[in-house]
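What follows is calculated from the coordinates using simple rules that are stated; it is not laboratory data. Just so we're clear, the structure is a prediction, and the values are computed from it rather than from any experiment. Don't worry about glycine lacking a Cβ; one is built from the backbone with ideal geometry, like all the others, and counts go over all protein chains shown.
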């Protein structure tokens, strides 16, 4: 009899009761273990690994133990997953479909101890889908009730929990002022009004040794102790809590808590912030902004300054100009660098790779929180996930203020780029706590190479594949269309290459080089149409080939991005 390897997965939505010697997770595991033992005659055997998620919602797959379980399933280590109830696995129908697909690929089944389900037949799947539909409905109704309750409470001016803003401490359903911290908040507002620049205020605070006060959350976790960052100051200066107000979904309510600053001071600071923002927006509309200005350095610590060059568009009816942006070594910009030294980096290519690198971090909220040394309560996970999703979308659109608020430094090394993210700023952006032992900076290193393809400059991975999603090259697409059109013309009109060259007044050898592109391997054509070809595959490369290999395998070896 073959051995059937069984893994038990347990989950509890809240942390309540987890500190007990025998909690809900233990009860679930005990029931599942007893069921597996009852099937010993069928060869069932319990694996020793524990897959327990305590205090995590079933509405998301972002659960550490579940991820370990799926990894082991994909590795072929598990034959059957045993759960107490199906909703312990997931409460989302969409997530359930993803799990079943993973199970099917690995040949893994799952069993519910208290419900009779067999995922190996269609009736079992139908029953499961119906049950999960009700579970998802229940979760959505519960979420709606919670949202309505929060909205009603905020309309009454209540504080609905979470980490209290600096200057306050929780006081039942309200906030109480912490005098020494409130004085610091008033100073920050007044000093910003006097200076008018958040970056300069950050530099002054750092030079004075002013640090974020250390506070202890209700859970016993310590936060603060680091220097103030730009993102954190922006969050403080624009937080209406300090005015004694509660904002919720665009509406303003009078809070039950006492204000720290006056209405006059608040209005002046908001007007100054708005003026600065509008100034940046006007610049952005008229001139493509350099998102990383003041943040880029080479491996020797020399800064790269943002600059641009304009070129007349010869084919433009209006005689307009094309603007090319760069990050250039300061010594090279000032003319003090020797010829051949220094760095001249295309701005758009660098900004794309930095935005994509940061966006990939936001794609995995739990991993990002862990790496940065941040601390989020289970009740905050949905809020954090939504904030991360929004940040990732904005970063990929290249329109996110997150970039300037979070990034401390971008260092260009040989064959790699290091992006340094301020963990204090990240914690402030996600509105969660930072652990006392958390690093000041989260360093993200990417191995890349700079390649030029025609007039396009891109960063590519070591294998030659573009690092970021790219648009198809218009000249390549146009060349492929021309190749197909000429080939059809030759077939329909029974023309030779020489006759076709005479008809179009081009050289015969050019016709031959274009026509042979009809015989490119389909995978290569697919990559070119998707903009995913290797950086060195351009019009010049294709037309400059002395001969094109006949076998598709040989072509793919030459040109296919890995």
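Put a dot 7 Å past the Cα of residue 50, heading toward its Cβ, do the same for residue 30, and the two dots end up 1.5 nm apart.
Please check which bits of region 387-412 a label hung off residue 445 would reach, taking the label as a point 7 Å along Cα-to-C-beta and the cut-off as backbone N under 14 Å. Hits in region 387-412 for residue 445 at 14 Å: 411-412. The length gained by stretching the chain between residue 172 and residue 222 to full extension, at 0.36 nm per residue less their Cα-Cα distance, is 16.0 nm.
Restricting the calculation to alpha carbons of region 474-559 gives Rg and Dmax of 13.1, 37 angstrom. Taking all C-alpha pairs of region 4-144, those more than 25 Å from each other amount to 22 percent. With each label modelled as a point 7 angstrom along the Cα→C-beta vector, the residue 557-residue 507 pair spans 3.0 nm. Working ranking of peptides 416-422, 153-159, 4-10 by packing, defined as the average number of other Cβ atoms within 10 Å per residue, highest first, is 4-10, 416-422, 153-159. Projecting label points 7 angstrom from Cα along Cα→Cβ for residue 367 and residue 273 puts them 3.3 nm apart.
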